[in-house]
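This report concerns only the one structure given below.
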There are 2 protein chains.
Amino acid sequence: MVQIAIMGYGVVGSGVAEVIQTHKKSLKSHSKNIIDIKYILDLRDFPDSPFADRFTKSFEDIVNDSEVQIVVEAMGGLNPAYDFVRRCLQAGKSVVTSNKELIAEKGADLLNVALENNVNLLFEASVGGGIPILRPLNQCLAANNFLEIAGILNGTTNYILTKMINDNIPFDTALKQAQELGYAERNPDCDVKGYDTCRKICILSSLAYGEHIYPKNVYCEGIEKISLTDVKYADMYGGVIKLIGRTRRLGNGMLDITVCPMIIKKEHLLASVNDVFNAILVKGDSTGDVIFYGRGAGKLPTASAVVADVIDCVKHIHARKYLYWEDSDNKNIIPYEYSMSRMYFRIKCENINFALNKATDLLGGITLIGTDEEELAFTMDKELPLKDITKAENIMLDSNIEICSVIKLADF
Amino acid sequence: MVQIAIMGYGVVGSGVAEVIQTHKKSLKSHSKNIIDIKYILDLRDFPDSPFADRFTKSFEDIVNDSEVQIVVEAMGGLNPAYDFVRRCLQAGKSVVTSNKELIAEKGADLLNVALENNVNLLFEASVGGGIPILRPLNQCLAANNFLEIAGILNGTTNYILTKMINDNIPFDTALKQAQELGYAERNPDCDVKGYDTCRKICILSSLAYGEHIYPKNVYCEGIEKISLTDVKYADMYGGVIKLIGRTRRLGNGMLDITVCPMIIKKEHLLASVNDVFNAILVKGDSTGDVIFYGRGAGKLPTASAVVADVIDCVKHIHARKYLYWEDSDNKNIIPYEYSMSRMYFRIKCENINFALNKATDLLGGITLIGTDEEELAFTMDKELPLKDITKAENIMLDSNIEICSVIKLADF
C-alpha cells in the first residue's frame with residue numbers, strides 16, 4: 001500500500017479523491033499497489049465528505065508523516081504551495097501538482113530539489129488539463145528537435161472567441177456568459193490578459209528546450225481588444241482569431257516566444273478547436289506536425305491527469321523519472337521587437353487612398369481585405385521585425401492615420 | 001553503452017539508424033546511456049551505407065550475442081518476424097517493433113513471452129506512426145474507463161478519400177495518384193480493403209480493454225465501393241466520408257468493433273483530418289474526448305516513435321514496463337448483425353414515391369437528402385441492429401428497389 005496526501009480540496013483536489021475512489025480496481029492492477037488517501041489538507045470543513053475522517057488543517061501532519069510517500073498539491077497559487085511542495089520534496093516525498101503558476105515560476109528550483117532528494121515532481125495536469133501532453137513531449141524529446149510549439153491553451157478565452165466568431169456576440173457579453181457558466185473567474189484578468197496561456201507555454205517550452213522560461217520574460221497580449229469588426233475581417237481573409245501561446249526555435253538556436261491573438265487560416269486544424277477545448281501543435285524534425293486535443297480544464301479531466309501522475313510515482317517509488325530542465329537567465333529568448341511577424345491591420349483615415357499608399361510603402365507590400373467608409377483592413381505581404389512594424393505604425397499615426405487594430409497572422 | 005540490433009533495413013529500419021545517428025547527443029542525455037547499433041539484419045547488401053560494417057545476413061548472430069540487449073524489428077509481415085521476435089524475447093532481449101500485423105495477430109502471445117522472460121516488448125510505432133498514442137493511452141488507462149476509441153488510422157485511404165471529396169476525383173484515379181506518390185502499394189488491398197485499419201484498431205482496443213482482439217473477429221469493410229455520388233450526397237447532408245476503425249464499449253461490457261467508411265459531420269474535428277494524416281479520438285469517462293493527430297506513416301515519424309521506445313527500453317533495462325493484455329476468445333465482441341447503426345442509403349427505383357414510403361416503413365423513419373431522377377438518398381432517423389437493416393434491405397430488393405450504397409453515420 002502507498003499512502004498519499006492531497007493538499008487542497010477544491011475542484012481538482014476533490015476530483016482526484018473521486019477518481020481514486022471510482023477507479024480503485026484499475027488503479028490497483030495498473031500500479032500493482034493500493035493507493036490510500038491518508039490526509040486531505042484544507043482549512044475548510046467537509047463533514048459530509050466520504051473522506052471526512054482524513055481531513056487535517058495542519059500541513060505539518062503531512063510533511064512529518066514518513067508513511068506519506070506521495071503528495072498531491074491542488075491548492076493553486078504560489079503561496080503557500082511553493083513552500084509546502086518544496087518541504088515535501090525535501091522530506092523525501094514525491095509531489096504531483098496541477099499548479100501551472102507554481103511550475104511556470106518555480107519549476108527549475110523545484111525540479112532541482114526533487115533531483116537532490118531523489119524523488120519525483122510530476123505536473124502533467126498543469127498544461128492541457130486532461131490532454132496527455134507533457135509526458136508524450138518528454139518522451140518524443142530525445143528523437144526530435146522541436147521547431148515549434150503552438151497551442152490554444154486557455155479554455156475560457158477560446159470559449160469567448162468562439163462565441164464572438166460563431167454567434168457574433170461582442171467580447172463583454174461573451175465574457176459575462178463565460179462567467180455565468182463558471183468558465184471564467186469573477187476577476188477574469190488571468191485568462192483574458194493571456195497570463196494563464198503564458199504560464200502554460202512557458203512550461204511546454206521549458207520542457208522542450210531544457211531551460212526554464214520565466215513568464216515575465218515572455219511577450220504577453222490578451223484578447224480584450226478584439227472586436228467583432230476584426231472577427232468579420234478575419235473571416236473575409238479566410239481565418240479565425242485564436243489566442244495562441246507559441247514558441248519557435250530560430251536557426252541560431254534562440255527562442256521566439258509570444259502569447260497573443262493570432263489569425264489562423266480556417267483550413268488549419270487549430271482553427272476548428274472551439275469552445276473550452278484546447279489543442280497543442282508540436283512540430284518535431286522527426287515526427288512532423290503532431291496535435292493533441294481535448295478538454296483543457298474541468299474537474300475530472302484534470303483529476304485524471306493528476307492520478308496518472310500519481311500512478312507513475314507509485315511505479316517509480318524507488319526510481320527517478322527523467323523530467324528536468326535547467327534554470328536560465330532567459331538570454332536565449334529574442335527580444336519581442338526582433339520577432340519576425342506578418343500582421344493584419346485595421347486602420348482609419350479620411351483619405352483612404354493616401355492611407356493605402358502609405359501603408360504599402362511603409363510595410364513593403366500589403367493585400368487588401370476590405371474597406372468600410374474610412375476604414376481599411378489589410379494584411380502585410382511579408383514578415384518584418386516588430387521594431388520595423390512599430391516604426392511604421394508611428395509614422396502612420398503622425399500622418400493622421402488611426403490604427404484600430406493590429407493582429408498577428410499565424411505562420412504555422 | 002547499450003548495444004542494439006536492427007532487423008530489416010527498409011524504410012523504417014534505415015530511418016531508425018538515421019534518427020539514432022542524427023540525435024546522438026540528445027539520445028545520450030535522455031537515456032543516460034550511449035546507444036550503439038551493433039548489427040543490422042538484411043538479406044540485401046548496402047555497401048554505401050554509413051553502417052556498412054554492421055550488416056549481417058544471419059539472425060543467429062543477433063540472437064546468440066549476449067551483448068545485444070535490445071532488438072528493433074522493422075521487417076514487417078508475420079514470417080519470419082514472429083519467430084525472430086519470439087526468440088529474441090526468449091533470449092532475454094527487449095524488442096521494439098513497428099509491425100502492426102505482428103502485434104495484431106500475435107500480441108498476446110508475445111507479451112506473455114516478454115513477461116515470462118522479464119523483458120519489454122514495445123510497439124508505439126505500430127499505430128499512428130509518429131503520433132504518440134499507445135503510451136498515453138496506457139498511462140490514461142488506470143484513471144479512465146474508455147467508452148469509445150475511433151480513428152482515421154490509414155493514411156493511404158484518407159489520402160484517396162480527401163482527393164475524392166476536395167477535388168472530385170473518382171476512386172480509381174485517386175488510388176492511381178496515391179500509388180504514383182508512393183502512398184499506396186502496387187497491391188493496395190491491405191489499405192483499401194481496411195485490413196491495415198483493422199489491425200490498428202485491434203491493437204488500440206486490446207490495450208484499452210485488456211484482452212486481445214483478433215482482426216479475424218472484427219467486421220471490416222473498405223472504401224472500394226465509395227462513389228463520387230455518395231461523396232456529393234454526404235456533402236449535402238453536411239458530412240464527409242472517412243474510413244473509421246472504431247470500438248465502443250456497450251453498457252453490458254461487450255465491445256462493438258467495426259472498420260468501415262462512415263459519414264462524419266463536418267463540424268467534428270475528425271472531418272478536418274485530410275491527406276495522409278491520421279487522428280485518433282479517445283473518449284474516457286474522466287478525460288472526456290481527447291484527440292491525437294499527426295502523420296500516421298513515413299520514414300522519420302515512424303522511426304522517431306521506434307527510437308522513443310528504444311530509449312524507454314534503455315531506461316527500463318532491468319525493469320519491466322506495464323504494457324500487457326490477456327489472450328481472449330473474443331466472445332466479448334458482439335456479432336456485427338447486433339451492432340446498432342444509423343445508415344445513409346442511396347437507392348434507385350422507377351417509382352420514387354413507392355420507394356420512399358417503403359423505406360420509411362421498413363426503417364422506422366427517414367430524412368431525405370436529395371433525389372436525382374430515379375435515385376433517392378436519405379438517412380435513417382434512428383439506430384437499428386444491423387440484422388434489421390439487412391432484413392429491410394432484402395425486402396426493398398424484393399420490391400424492385402435497387403440498393404446502390406449503404407454507409408454508416410458516425411455517432412461520435
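The values are calculated or read from the model by the stated rules, or taken from the named source; none is laboratory data. As the structure is a computational prediction, the values presented were derived from the model and not from experiment. No Cβ is skipped: glycine too gets one built from the backbone with ideal geometry, and neighbour counts run over all protein chains shown.
Within segment A:107-122, is even one residue touching a Cys at 6+ places or on another chain (Cβ under 6 Å) and within 27 Å of A:V259 (Cβ to Cβ)? No, every residue in segment A:107-122 fails to be touching a Cys at 6+ places or on another chain (Cβ under 6 Å) and within 27 Å of A:V259 (Cβ to Cβ). Quick one: is A:K176 more than 29 Å from B:L281 (Cα to Cα), part of a helix (DSSP H, G or I) and either among the basic types (K, R) or not assigned by TED's automatic domain parsing to the domain that holds A:N274 (or both)? Considered against the rule, which asks whether it is more than 29 Å from B:L281 (Cα to Cα), part of a helix (DSSP H, G or I) and either among the basic types (K, R) or not assigned by TED's automatic domain parsing to the domain that holds A:N274 (or both), A:K176 comes out as yes. Restricting attention to segment B:3-29 and to residues that are within 13 Å of chain A (Cβ to nearest Cβ) and surrounded by fewer than 20 Cβ atoms within 10 Å (Cβ to Cβ), the residue that is nearest to the chain's Cα centre (by Cα) turns out to be B:E18. If the condition is being surrounded by 12 or more Cβ atoms within 10 Å (Cβ to Cβ) and over 13 Å from B:V406 (Cα atoms), then segment B:366-381 contributes B:I366, B:L368, B:I369, B:G370, B:T371, B:D372, B:E374, B:E375, B:D381. Counting just the residues of segment A:286-297 that are of a type in the set (G, A, S) and at the interface with chain B (Cβ under 7 Å from one of its Cβ atoms), which one comes out farthest from B:N145 (Cα to Cα)? Per the stated criteria, the residue is A:S286. In this entry, B:S304 passes the filter for residues that are facing chain A (nearest Cβ under 9 Å) and in contact with a helix residue (DSSP H, G or I) (Cβ under 8 Å, 6 or more places away or on another chain). How do the pairs read when you match residues in segment A:98-115 that are under 16 Å from A:N217 (Cα atoms) and modelled with pLDDT under 95 with residues anywhere that are among the hydroxyl-bearing types (S, T, Y) and surrounded by fewer than 19 Cβ atoms within 10 Å (Cβ to Cβ), using Cβ under 8 Å and keeping only pairs 6 or more apart or on different chains? Nothing qualifies. Closer than 30 Å to B:D411 by Cα, among the small types (G, A, S) and either out of contact with any helix residue (DSSP H, G or I) (no Cβ under 6 Å at 6 or more places or on another chain) or assigned to a strand (DSSP E or B) (or both): does that describe B:G130? No; evaluated as a whole, the condition is false for this residue. Note on segment B:241-275: residues that are more than 10 Å from every other protein chain (Cβ to nearest Cβ) and more than 16 Å from B:I133 (Cβ to Cβ) total 22. Count, please, the residues in segment B:30-68 that happen to be of a type in the set (F, W, Y), crowded, with 17+ Cβ neighbours inside 10 Å and outside any helix (DSSP H, G or I). The number of residues fulfilling the criteria is 3. Being in a helix (DSSP H, G or I), among the aromatic types (F, W, Y), more than 14 Å from every other protein chain (Cβ to nearest Cβ) and farther than 30 Å from B:A305 by Cα is a property that holds for A:Y159.
Hey, does segment A:219-236 have a residue that's at pLDDT 95 or above, assigned to a helix (DSSP H, G or I) and under 28 Å from A:M254 (Cβ atoms)? Among the residues of segment A:219-236, not one is at pLDDT 95 or above, assigned to a helix (DSSP H, G or I) and under 28 Å from A:M254 (Cβ atoms), which makes the answer no. Among the residues making up segment A:114-163, those that are within 20 Å of A:K100 (Cβ to Cβ) and of a type in the set (V, I, T) are A:V127, A:I131, A:I133, A:I149, A:I152, A:T156, A:T157, A:I160. Considering only residues that are in contact with a Gly (Cβ under 6 Å, 6 or more places away or on another chain), crowded, with 24+ Cβ neighbours inside 10 Å and farther than 30 Å from A:Q179 by Cβ, which ones fall in segment A:263-289? Scanning segment A:263-289 gives a single hit, A:T287. Going by what's in this entry, would A:I407 be described as among the aliphatic types (A, V, I, L, M), surrounded by fewer than 21 Cβ atoms within 10 Å (Cβ to Cβ) and either touching a strand residue (DSSP E or B) at 6+ places or on another chain (Cβ under 8 Å) or free of Cβ contacts under 8 Å to residues at least 12 places away in the same chain (or both)? Criteria not met by A:I407.
Pairing each residue of segment A:297-325 that is under 15 Å from A:V72 (Cα atoms) with any residue that is surrounded by 19 or more Cβ atoms within 10 Å (Cβ to Cβ) and acidic (D, E), provided the two are 6+ apart or on different chains, yields C-beta distances under 6 Å for A:A305/A:E124; A:D309/A:E124.
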